[in-house]
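Report on the structure given below.
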Amino acid sequence: MTRSVRRTRRTLQVAGASVAALLALSACSSSDDSSSAKTKSDTSSAATPKLSGSITVFAAASLQESFTTLKADFEKAHPGTKVNFSFGGSDTLAAQITGGAPADVFAAASPKTMAIVTAKSDAVGTPATFVRNQLEIATLPGNPDKISSLKDLTKSSLKVVLCDKTVPCGAAAQKALDASKLKLTPVSYEEDVKSALNKVVLKEADAAVVYKTDVKAAGSKVEGVEFPESANAINDYPIALLKDAPNPAVAKAFIALVQSAEGQQVLNQAGFLKP
């Protein structure tokens, strides 16, 4: 065998060994990558467990329509969950929570009513403002009494209803009246904004001072009249996870939806202002 042939054979052997080594290294790398991907997948799965079970949300009456929409979206996105609501005047709901009523989330119509809960250390962390709301006058359809201002409501010929002064919508209305130096004696004070609005819907009152969102939700059943003084009596709406929440994981996810772009879109479409 010539020296040239032997040199060629040795070169091929070395090249073959190098290729084999590269293939083995590639296989190991592929195996490591697969293992790493599986580990990451397992970790991700463990980090985001499937939500299940029900929660109870105590929420201001004015949130009824928009929160009901968000409930449907939430339950569709998380099969196996259920959102239950207790709507009412924020002050009443706050008293129920501090009295031990089982609930997971509290969404109030004012910081003052939320403070009733935080003062008793019944909320987790700092409540977050998620929307704001502005007052509007609700009149009978077509506005037959030609109401055009807050001052018009002081006419003795009109039957006007307000929310109770302890309820956020009532406190805001009183603030607007005080700022305008107007005195108004309503035919009744209602326990929440929906009750006040309903008096007009049933034609038991000529007008009510409620939120813009409630006027919008009522559609053709009432007519809304804006008044400039309402700009100085806008309510912030805070939301919080409650300390003894039976299902905190689902509760946190619902709060996240309320604060998300999707949740904000639903609330803005209902007439709420951005926080």
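In this simple spin-label model, placing a label point 7 Å from the Cα along the Cα-to-Cβ direction at both Ile234 and Lys155 gives a separation of 3.0 nm.
Taking 22 Å as the straight-line reach from the Cα of Lys151, the lysines in range (excluding those fewer than 8 positions away in the same chain) are Lys159, Lys165, Lys175, Lys181, Lys183, Lys199, Lys203, Lys212.
Taking trypsin sites (Lys or Arg not before Pro) across the stretch 146-197, the ones in a DSSP loop with at most 10 further Cβ atoms lying within 10 angstrom of their Cβ are Lys146, Lys181, Lys183. Rank Pro246, Tyr211, Val225 by how far each Cα sits towards the positive end of the charge dipole of the stretch 191-251 (+1 on Lys, Arg Cβ; -1 on Asp, Glu Cβ) and give me just the farthest. In the stretch 191-251, that residue is Pro246. Diffusion of the stretch 209-275 by Stokes-Einstein, at 20 °C in a medium of 1.002 mPa s and with Rh set to the Kirkwood radius over alpha-carbon pairs, works out to 150 µm²/s.
Kirkwood Rh over Cα pairs of the stretch 58-121 into Stokes-Einstein at 20 °C, 1.002 mPa s: D in µm²/s?
Translational D for this selection: 173 µm²/s.
The alpha carbons of the stretch 116-275 give a radius of gyration and a Dmax of 17.3, 53 Å, in that order.
Measuring from centroid to centroid over Cα atoms, what is the spacing of the stretch 59-134 and the stretch 137-158 in Å? What the calculation gives is 32 Å, centre to centre. Accessible surface calculations at 1.4 Å, restricted to protein heavy atoms, place the stretch 95-241 at 45 Å² per residue. Modelled spin-label separation between Lys146 and Thr126, with each label point placed 7 Å from Cα along the Cα-to-Cβ direction: 5.1 nm. In the stretch 138-275, the portion of solvent-accessible area held by carbon and sulfur atoms comes to 50 percent [1.4 Å probe, whole percent, DNA, RNA and ligands not counted]. Label-to-label distance, Lys181 versus Ala256, with points set 7 angstrom from Cα along the beta-carbon direction: 5.3 nm. The Cα-based radius of gyration of the stretch 144-227, divided by its Kirkwood radius, gives an Rg/Rh of 0.91. Across the stretch 121-193, the relative contact order, built from alpha-carbon pairs under 8 Å that are at least six residues apart, equals 30 percent.
The values are calculated or read from the model by the stated rules, or taken from the named source; none is laboratory data. The model shown is predicted, which means the values in this text are computed figures rather than measured ones. For neighbour counting, all protein chains shown are included, and Cβ atoms are generated from backbone atoms with ideal geometry for every residue, glycine included. The area values use the complete protein model at the heavy-atom level, side chains included, leaving out ligands, DNA and RNA. Shrake-Rupley method; radii C 1.70, N 1.55, O 1.52, S 1.80 Å.
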